[in-house]
Structures are given as structure tokens and as C-alpha cells.
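Beneath this line is the structure, given in C-alpha cells, with notes to follow.
None of the figures in this text is laboratory data; all of them are computed from the coordinates on show. The structure displayed is predicted, hence computed values, not measured ones. Here the Cβ positions follow ideal geometry from the backbone for every residue, glycine too, while neighbour counts run over all protein chains shown.
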């Protein structure tokens, strides 16, 4: 371990035995290395939290999450903290399991993104435990109302308003909406904004133009196949992977994007400008959101009080090649 930290074995020994004569930065580096390498702290040092921060993400398959992890990790490093990345996998550790592991590592705080806090029907007991322990926590994007943690979120309502307004300006009057699961809080917010936007525009909408599915290209393809048979010419998707699935569905039914159907995604994750066609999408301001999340977390770690109110960040519509003026089809597709 001494070699990894770049100090002598004598210095490591002084830190582990609580002896004086070691600079604070060196002591912190030795303790952090101890935690990262999985060693148990000496009894007298266990009350001192490590300069580790858990980053708990749902997956790395959606490019928006690695991008967010990069922003969070960089901002934490600038503040002298080491990020510990935890991602859920099928058959692997659950979010609650990761919380237990992070608590054992004496982390200074946790940032959650896309977690169970955003699902009304998911288990939330591990969040209540963190509240009881008063561990600093920040949530990225909308959560259920009962948790009370600081939150930084992209404004889901503004995102849908921008996407809907763009499609309406292109002449689309039959617009479909593809969302995540029904208990997903950001999806519920997008649905409310979709309904309100249609009402303001004087356009008919209803449950037949909305599909809930899993956040994946396969989920998007299945949902959009149904919507296309109901005559939609424009699609708003709640993530970029859903939008990629939507484009696949359009092509499988013998049509093309954007000539027959316009598609708008959400996130502006990596390489969406390199798809065929390049994807029109609503960009989440993850740089600003990630840095604000770290500021809120570090403020809590340092003992300052922070607002528990949700901080909303305005997204930005990025127009590319997957949207175009409507070309009306004579009838809806049939099975």
C-alpha cells in the first residue's frame, strides 16, 4: 500500500497507529487507499469517514450515464474525493446492496442517478436508512415526494414542450409519446406536459397516443410499432435509446425517418449526431447538473445546510436530421 500512495512504510505505520508528524493530505491519501483497496481501518480510525463518494447508477449501456459519471467523478476529484462507481446489473448487486457496501466503506456521501427513488412502486427502505444516518446524499433527476433529499433535475416539462412545439411547427398534428414505466416519476411529468401542450395547441390527444415501455431500443421499437399503426407522424421519446428503437420500428414497417415519421429523442447522449439520420433530441445539461450535485454534496459533507427543494435545469432542443415537415399518410397502418 505504501508504494501505491507514494509514501514510506513508516509513514503508513504512523497513520495506522494514529501517530503525529504526518501531513493532513498524506494522512487522507493513506486512509483513502486503505478504503479503495478493501482493507479494514484500525478501530481508532473507523469513526473518521473516508474521502470516498458513492456514485450509484442504473446502468452503463445508456451513454448518458457514463457521461454523467465522468462529470461527477471529475468534479469530486477537484474537491479531493475519490468516486466509487456502482452500477446495477441483471442478477448482480441491487441498489440496496450497494448502499450497504458503501456504508461499510465509510463513504462521505452518495450521489444517485436514475435510481429506485424515481420509481413510485420500487423499494425505498435503503433511502430512509440513509436519511436516518444523516449521510449526505444528492439525487439526480426527479424523485418521489417522500424522500426529502436535495435534487438536481432536468426540467421534464420544458423538454416535452420544446419537442412538441418543434413537431407542431413542422405541421405534425398526430404526435405520439413513448415513455418509461408507468411508475417512473420523470415519465409522469413528461406525460402531464404532453397533455398540457396538446391542449394549448388545440390538438386531440389521448391514451392511444401514449405508450409506456422499458428504457431500451427494444422497448422503443415495440411501443412505436403500436403507435405507427394508429397513424402518428411525429414521435417524442423519453430517452435516446427509445428513439433509436423508434427509428428501427419505422424502417421495419417500410417507412423512413424523417420523410414519413419524425422522431425526437431525449438526453443528447454520445454519438446521437452520428446516427442515420442524426437524431433530433432534447439535451440534458449534465455538465451543470453534475457539478451542482457535487457542490450540494460537498456542502453537506462540510456541515453546511443545503436546500431540499428540487433545482430544475432547462434542457435544450438540438435539431438534426430525424425531424422534417409532415408528409400526411392517407390512412393509419393496419395489422
Checklist outcome for this item: Comparing 109, 21, 180 in a Gaussian network model of the chain (Cα, 10 Å), the one with the largest mean-square fluctuation is 21
Next on the checklist: I want to check the label-to-label distance for residue 147 and residue 192. Put each point 7 Å from Cα in the C-beta direction and report it in nm to one decimal.
Outcome noted: 1.7 nm
Item to check | Rounded if a/c under 1.5, otherwise prolate or oblate - the stretch 156-284, Cα gyration tensor axes | outcome: rounded
Item to check | Choice from 279, 130, 68 showing the highest fluctuation, given a GNM over the chain with Cα pairs closer than 10 Å | outcome: 130
Next on the checklist: Suppose each label sits 7 Å from its Cα in the direction of the beta carbon; what would the residue 229-residue 121 distance come out to in nanometres?
Outcome noted: 2.3 nm
Item to check | Order of 168, 203, 236 under a 10 Å beta carbon neighbour criterion, fewest first | outcome: 203, 168, 236
Checklist entry - Taking only Cα atoms, what is the 0 to 90° angle, nearest 10, from helix 156-169's long axis to the longest principal axis of the chain? => result 30 degrees
Checklist entry - Just 120, 157, 90 to compare: in a GNM of the chain, with alpha carbon springs under 10 Å, which one fluctuates most? => result 90
Checklist outcome for this item: For 103, 55, ascending order of other Cβ atoms within 10 Å (fewest first) is 103, 55
Item to check | Degrees, to the nearest 10: 24-36 long Cα axis against longest axis of the chain | outcome: 60 degrees
Checklist entry - Taking only Cα atoms, what is the 0 to 90° angle, nearest 10, from helix 64-78's long axis to the longest principal axis of the chain? => result 30 degrees
Checklist entry - Which FRET efficiency value, to the nearest 0.05, is calculated for residue 306 and residue 253 with the Förster distance at 51 angstrom and r the Cβ-Cβ distance? => result 0.55
Checklist entry - Okay, helix-only estimate at 222 nm for the chain: each DSSP H run of n ≥ 4 adds -39500 (n - 2.57), divide by all residues, round to 500 deg cm²/dmol; what do you get? => result -12000 deg cm²/dmol
Checklist outcome for this item: Stretched fully, the stretch from residue 59 through residue 85 gains (0.36 nm per residue minus C-alpha distance, one decimal, in nm) 8.3 nm
Next on the checklist: Starting from the 7 Å offset along Cα-to-Cβ, what nm value, one decimal, do you get for the label separation of residue 104 and residue 218?
Outcome noted: 3.2 nm
Checklist entry - What length, rounded to one decimal in nm, is gained on full extension from residue 271 through to residue 96, with 0.36 nm per residue of separation minus their alpha-carbon distance? => result 59.8 nm
Checklist entry - Can you give the extra length, in nm with one decimal, that the chain gains between residue 70 and residue 128 once fully stretched, where that is 0.36 nm per residue apart less the Cα-Cα distance? => result 18.1 nm
Next on the checklist: For 295, 275, which order do you get if you count the other beta carbons within 10 Å of each Cβ and list the fewest first?
Outcome noted: 295, 275
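Classify the stretch 67-221: rounded, prolate or oblate, from the alpha-carbon gyration tensor (a ≥ b ≥ c, eigenvalue square roots; a/c under 1.5 rounded; otherwise prolate if a/b is larger than b/c)?
Prolate, since a/c reaches 1.5 and a/b exceeds b/c.
Where the convex hull is taken over the Cα atoms of the chain, what is its projected area averaged over directions, in nm²? Don't jump to the answer; show the numbers that get you there.
On the way: hull surface 75.1 nm².
That works out to 18.8 nm², a quarter of the Cα hull's surface.
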